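Please treat every number below as a calculation from the coordinates, not as lab data. In this text, all values refer to a predicted model and were calculated from it rather than measured experimentally. Note that each Cβ is placed from the backbone with ideal geometry, even for glycine, and that neighbours are counted across all protein chains shown.
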Amino acid sequence: MITTREAVSEIETERLTLRRLSVGDAPFILALLNDPSFLRFIGDKGVRTLDDARRYIATQMASYQRYGFGLYLTERRQDRAPIGICGLVKRDSLDDVDVGFAFAPAFWSQGYGAEAAAAVIAHATEVLKLPRVVAITNPDNAASMKLLNKIGLRFSRMTRLSANGPELTLFSTDSQTPP
């Protein structure tokens, strides 16, 4: 069961709470964005200090204001431990909103990623009424592609976020291939 509080400020699942990031989350964000797996599969966001992490969080706060969504801190409900981030991103280079996620390695292979991403997609379609949600992954990230297939997204095409950017795998909630 998925419940939503205050429209887009909090999403709850059986085991997780996804909530808006706050400046107090900077230490966790600093560690997560510098994890070797994050750097390899998602990319270097240039976050090296707590101030950098606070600036990263500020970009998500701006997204909440502008779009009504962004990336959310994902916590275990049992102990409120932060385990990752998951949410929606609006990129200038994509027509559709995409679901993004990253979890600390200690919390991999426990179903948290699928649970969080499925809740975010349900929120996007049921509450925000988005007709289509996409996801992008590094083609070498087999675990993320498996997760996306598990929650119902299907391969759509290869894409780039910029002319010189790396080729990425695009998945979508429908079988429609965008131009």
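Here are some notes:
- [x] 16.7, 50; [y] 17.8, 55; [z] 15.2, 45, with the label sought being that of the calculated Rg and Dmax of the Cα atoms in Å: [z]
- Sum of -39500 (n - 2.57) over DSSP H runs of 4+, divided by residues of the chain (222 nm, nearest 500): -8500 deg cm²/dmol
- Between residue 174 and residue 62, the distance separating the two model label sites (each 7 Å from Cα on the Cα→Cβ line) works out to 3.1 nm.
- Proximal aspartates and glutamates relative to residue 150, as straight alpha-carbon distance under 18 Å, when same-chain residues fewer than 8 apart are discounted: 14, 98, 115, 140, 174
- The residue 39 and residue 122 beta-carbon pair, evaluated with R₀ = 41 Å, returns a calculated FRET efficiency of approximately 0.85.
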